[in-house]
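The values are calculated or read from the model by the stated rules, or taken from the named source; none is laboratory data. Since we're looking at a predicted model, the values are computed, not measured. Counting neighbours? That spans all protein chains shown, and the Cβs are built from the backbone with ideal geometry, glycine included. In case anyone asks, the SASA skips ligands and DNA or RNA and just uses the protein heavy atoms, side chains included. Shrake-Rupley method; radii C 1.70, N 1.55, O 1.52, S 1.80 Å.
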Amino acid sequence: MATKGSKVERTSVNSSQPYELKYLADKLGVSIQAITGAKRATGSNDRSDIENYIKGKKAK
């Protein structure tokens, strides 16, 4: 857990942290597998890239 004074990384999604995957999956209304697939497809851990990829897939 974060300690007092330490900076928390909020711009990336760490696959080894299940709570980060679950949070993003719940936020976007998709499964955790969809999040990991989006990470693989975009080649990025950047939260905004993953969100844009999934939103683009939902729009089709």
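Remarks
- Residue in segment 43-60 that is modelled with the lowest pLDDT, counting only those that are open to solvent by less than 60 Å² (accessible area, probe 1.4 Å) and within 13 Å of residue 12 (Cα to Cα): 44
- Inside segment 15-25, residues that are part of a helix (DSSP H, G or I) and either over 13 Å from residue 51 (Cβ atoms) or open to solvent by less than 60 Å² (accessible area, probe 1.4 Å) (or both) make up a count of 7.
- Scanning segment 39-58 for residues that are out of contact with any Ser or Thr (no Cβ under 9 Å at 6 or more places or on another chain) and of a type in the set (A, V, I, L, M, F, W, C) gives 41, 54.
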